[in-house]
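> Could you have a look at this structure, given as structure tokens, before my questions?
The values are calculated or read from the model by the stated rules, or taken from the named source; none is laboratory data. Since the model is a prediction, treat every value here as computed from it, not as a measurement. Here the Cβ positions follow ideal geometry from the backbone for every residue, glycine too, while neighbour counts run over all protein chains shown.
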């Protein structure tokens, strides 16, 4: 009596399962994979603190006619903050600034006033080093 030697073990059962798949089974598996991939990406974003901070924080420099830079920033879970700043020293790509940080959007009058005060501080700092 001839005996056919079939491979045994998990590899043989996996090969048998793959051979028994129909076209509709393959389509269902493909559709499941298409749904799992975006769900995994969303799960990864929600559980990655650095990436979540990046998406839920904001930073922008606002246009201004003054000699100062107006910035608006918000960290995740924090209220918006505004700053009015001007540079007083530069070394290569490093820049030292003086500024004021506000918990409300500055008005035009506040921008002019704070910027004038900051420029006076910078002039004083430059005169003290000469």
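This table checks each residue for (1) part of a loop (DSSP other than H, G, I, E, B); (2) touching a helix residue (DSSP H, G or I) at 6+ places or on another chain (Cβ under 9 Å); (3) at pLDDT 95 or above.
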residue	(1), (2), (3)
51	no, yes, no
55	no, yes, no
66	yes, yes, no
89	no, yes, no
120	no, no, no
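> So residue 57 passes all but one of these: (1) surrounded by 11 or more Cβ atoms within 10 Å (Cβ to Cβ); (2) closer than 16 Å to residue 101 by Cα. Which condition number does it fail?
It fails just one condition, (2).
> Between residues in the stretch 65-77 that are touching a residue at least 12 places away in the same chain (Cβ under 8 Å) and residues that are exposed (fewer than 14 other Cβ atoms within 10 Å of the Cβ) and not in a strand (DSSP E or B), which pairs lie under 7 Å by C-beta distance while being six or more apart or on different chains?
Within 7 Å, the pairs are 72/80; 74/57; 74/80; 75/57; 76/52; 76/53; 76/56; 76/57.
> Turning to a different aspect of this structure: Considering only residues that are within 25 Å of residue 56 (Cα to Cα) and without any contact (Cβ under 8 Å) to a residue 24 or more places away in the chain, which ones fall in the stretch 100-121?
Answer for the stretch 100-121, where residues must be within 25 Å of residue 56 (Cα to Cα) and without any contact (Cβ under 8 Å) to a residue 24 or more places away in the chain: 100, 101, 102, 104.
Yes/no matrix, rows are residues, columns are (1) over 24 Å from the mean Cα position of the chain (by Cα); (2) loosely packed, with under 10 Cβ neighbours inside 10 Å; (3) closer than 30 Å to residue 123 by Cα:
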residue	(1), (2), (3)
53	no, no, no
67	yes, no, yes
77	no, yes, no
81	no, no, yes
98	yes, no, yes
107	yes, yes, yes
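> When you look at residue 24, is it surrounded by 10 or more Cβ atoms within 10 Å (Cβ to Cβ) and either touching a strand residue (DSSP E or B) at 6+ places or on another chain (Cβ under 6 Å) or not in a strand (DSSP E or B) (or both), yes or no? Full working, then the answer.
Numbers: surrounded by 10 or more Cβ atoms within 10 Å (Cβ to Cβ): no; either touching a strand residue (DSSP E or B) at 6+ places or on another chain (Cβ under 6 Å) or not in a strand (DSSP E or B) (or both): yes.
Spelling it out, it is not the case that residue 24 is surrounded by 10 or more Cβ atoms within 10 Å (Cβ to Cβ) and either touching a strand residue (DSSP E or B) at 6+ places or on another chain (Cβ under 6 Å) or not in a strand (DSSP E or B) (or both).
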